[in-house]
Every structure is written in C-alpha cells, then in structure tokens.
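K.L.:
Can you keep this structure in mind? I'll have questions shortly.
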C-alpha cells in the first residue's frame, strides 16, 4: 500500500480530493523542482487566431499536414495526414509552428510530448494537444523545455494529476505551474544540440525508410504514373469466387486488390507460410498486468520502428520465467500484429526480456530466399497492408487470422535488390536509434539539473 499525508490547506483549494492526485510519486517529483515556472518562459496557445476552422478558413499552403494524437511517436511527430483542401481538415485544429512544444492531454496518448522541428508546410494539430510557445523575451530554449517535459519527474506528475473522469486529462494550469530547473547558458546550448541532433537523425531515418519503400514499389510497378490504388463504385464478381473465398462482402472483391496481387504474382509472389514459420503469443489475462517487471509486448506497444513505451504493461519475473521458453521473441524474428491494427511488422534486433501477446505472431524465416528486413518492409508497405485490409474487413475489431496470414503473397525480388532495400531499412533504424540516444542524453542532463536542486 502507498499513501500520502496531506494537510487540508494543501488540497488544491478544495478542488481535488482524489487520492491519486496526491500520489507519493507525484509529490516526490514536485519537491525536486525549483521556483522557475513554465508560465514564465512559454505561453499556452489558446488564442482563436491560432486555430484553423475549415468552415471559415482556407489553407495558406497546399498541401498542409494535420497531426492527431496518434501521430506522436518517440517524442516526435510522424508525417501526419496530408490534406489538399480546407474541408479535408475535418474539425477545428490548432495551428502549430516551428519550435512549438506539444503535449497530448487525452488517453491513450496522455502526456506524450512532441517537438516541432520543421517548417516546410502549414501544420495543424488536434485541439487535444496543449501547444507551448516560447515567449519572445525568454532565454530558456524550447528544446530544453521539450527535454524537461520528457523527464520521469514531469511524466509522473502529469500521470498522477489526470482527472477521474471518463476521458481523463491533466490540468493545463498544473502544467503551466510546473517548475523548471535553472541552467547555465553552456548547459542550455548542450541540450539544444542534443534535441536538434535528435530531430536531424529522426528525419534521416524517415528519409531512408521512404527510399527503401519507394525502391520496392518502383520495382513492382506500383509507382508508375498510370497505376492507381482506388476504390471502384461498381464491379462484377462471379458466384464461384464468392464460394471459393467464403466471403460475400463487396469490399473484399474490390478490383484494387486483384490489381496489386497481379503485380506481386508477376514478381515471384510466394505465400508467407512458405517463407516463414509462425507462432502466436499468449494472453495471460489483464489481472496479472503490473506497472513494472518484464515486458508484455502488446499490439499497442509495437510499431514498424520497434517497441513504443505507450501504456506499457509488465509481468512478474515468476510468470515471465514460466512463459519465456515458448513466448519470448528471439533476435532475427519478425513480430507481426494480427489484431486491432493488423499488418505492423518489426525485425527484433537485440535480446528482449519479455513475452509476446496473443495479438502478435512471431515469424522465423525458413530459408534464405528473402531478407528479414525486406520481408518486414513488404508487410508494412501497401503490399501487406492491402492484403490485411482485404482479409480483415467486415468486423468492428479487425482480426487477421493466422490461416489468412499464411496465404499473404510476398514478391520475391532479386537478392541484390532485396539486400539494397534491407540495407536502407537497417540504416534507417540505426539513425532512429541514434536519435533516441541523443534524446536520452538531453533528458539525463535535465534530470541532473533537477536532482541538483533537491
């Protein structure tokens, strides 16, 4: 049992009486911080002039990028949705600018932090982001603010400060009142260099991965100017096809799927079950989940770039020891999601002390016909995604059955081409790893400043 003893005068003016708000981890973290508040160096942008309403406004540039909470990845923004017209934006969005710091305030992305390090197109973000912008007279760099918000101390404070409602959020006033550590000009510059280096390597990683994907699609003819992946409004299907596929939903027979499949077949299309063995993970039950221990790798914590620390769950060491022989992933295996968001693949690059959930398959290559990074890229690309979309359609929660996955067709390009693609993907992962290393370096420097003020 954990408990805190709080004086009545400290109960946030009587506004909060829930025990979680005064969790010991939160109180301990707040005691470490100095008297230099976020509100003194940054503004929380709520100004109506900084919002984009698709009913009243036009895009300043074409195209624009629209970022939702799900676009937060590794403390940086992913590509975001590309929109051409104002009416494609959807609901009202916040306008974000270079060097803004964004923090999400709604589960499951609660307290995820992003740094806007680019300035090439107009950028719009969900109103569920808090947008912090450096005040003109402030000497505290936004990169240091970004690093501060990623520290364990701040993350714990925000986690234990979320409201006890159906859609919990932390208080924006509490966020703005968080106290920043004082830093020398030299240390601030060092943190800025680390964060800028993080962003630079992150962009390099994205570019390399895009090159690998483009090379794959070009080899298959999927980037030809005359080839389009689009839905048809009407088409004719033979009864024999309905019977043989055991499907009667119109979406399954969209001509776009057969168009892609014909290109795959023309390039040595081979069933995934002939290329790799498959083992399903296990679901031990949510009642055994812990806040620390050995990793329990679920669909929500797996991306094409590796494991993400989003709402991560853990298992006891005792349970891990019982399950690891049959359910722990090995280096070189491909982890492939089959439920909820099917078709996400990642090659395990280093030993993992953890157990794979039942929503994930472990793929192990049977022979050297394909490179594992090449195979994972195929699954993550339009090749795998369209087959997952076709097979998993017709249900509220998507399930991609193992027998369907075994029949997924993979193009077998010449080995030198596969190797070139795999090398680009590997370099992409190396750049992303360097980005994470620099980010951890920046966080460590800020945490040291926090600890020095205890």
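The values are calculated or read from the model by the stated rules, or taken from the named source; none is laboratory data. If you're wondering where the values come from, they're calculated on a predicted model, not measured in any experiment. Backbone-built Cβ (ideal geometry, glycine too); neighbour counts: all protein chains shown.
K.L.:
Among the residues of segment 345-381, what is the count of those that are within 20 Å of residue 265 (Cβ to Cβ) and surrounded by 18 or more Cβ atoms within 10 Å (Cβ to Cβ)?
P.N.:
Total meeting the criteria: 7.
K.L.:
In contact with a strand residue (DSSP E or B) (Cβ under 8 Å, 6 or more places away or on another chain), at pLDDT 95 or above and within 24 Å of residue 403 (Cβ to Cβ): is that true of residue 299 in this structure?
P.N.:
Criteria not met by residue 299.
K.L.:
On the basis of being in a helix (DSSP H, G or I), crowded, with 21+ Cβ neighbours inside 10 Å and modelled with pLDDT under 95, does residue 446 make the cut? Walk me through how you get there before you give the answer.
P.N.:
Working: in a helix (DSSP H, G or I): yes; crowded, with 21+ Cβ neighbours inside 10 Å: yes; modelled with pLDDT under 95: yes.
So residue 446 passes the test.
Rundown of residues vs (1) in a strand (DSSP E or B); (2) under 23 Å from residue 205 (Cα atoms); (3) under 14 Å from the mean Cα position of the chain (by Cα); (4) modelled with pLDDT of 80 or more, yes/no style:
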{"site": "91", "(1), (2), (3), (4)": "no, no, no, no"}
{"site": "95", "(1), (2), (3), (4)": "yes, no, no, yes"}
{"site": "98", "(1), (2), (3), (4)": "no, yes, no, yes"}
{"site": "102", "(1), (2), (3), (4)": "yes, yes, no, yes"}
{"site": "108", "(1), (2), (3), (4)": "no, no, yes, no"}
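K.L.:
Checking residue 293 against (1) touching a strand residue (DSSP E or B) at 6+ places or on another chain (Cβ under 6 Å); (2) on the phi < 0 side of the Ramachandran plot, only one condition comes out false. Which one?
P.N.:
(2)
K.L.:
Can you name the condition, by its number, that residue 282 falls short on among (1) surrounded by fewer than 18 Cβ atoms within 10 Å (Cβ to Cβ); (2) touching a strand residue (DSSP E or B) at 6+ places or on another chain (Cβ under 8 Å); (3) farther than 20 Å from residue 401 by Cβ?
P.N.:
(3)
K.L.:
Among the numbered criteria (1) touching a strand residue (DSSP E or B) at 6+ places or on another chain (Cβ under 7 Å); (2) under 27 Å from residue 367 (Cα atoms), which one does residue 274 miss?
P.N.:
Only one criterion in (1) touching a strand residue (DSSP E or B) at 6+ places or on another chain (Cβ under 7 Å); (2) under 27 Å from residue 367 (Cα atoms) is unmet by residue 274, namely (1).
K.L.:
I need the full set of residues from segment 293-335 which are surrounded by fewer than 19 Cβ atoms within 10 Å (Cβ to Cβ), free of Cβ contacts under 8 Å to residues at least 60 places away in the same chain and under 30 Å from residue 158 (Cα atoms), in order please.
P.N.:
Scanning segment 293-335 gives 293, 307, 309, 312, 313, 314, 316, 317.
K.L.:
I'd like to check which strands (runs of 3 or more DSSP E) are fully inside segment 305-416 and have at least 1 residues that are at pLDDT below 95.
P.N.:
313-315
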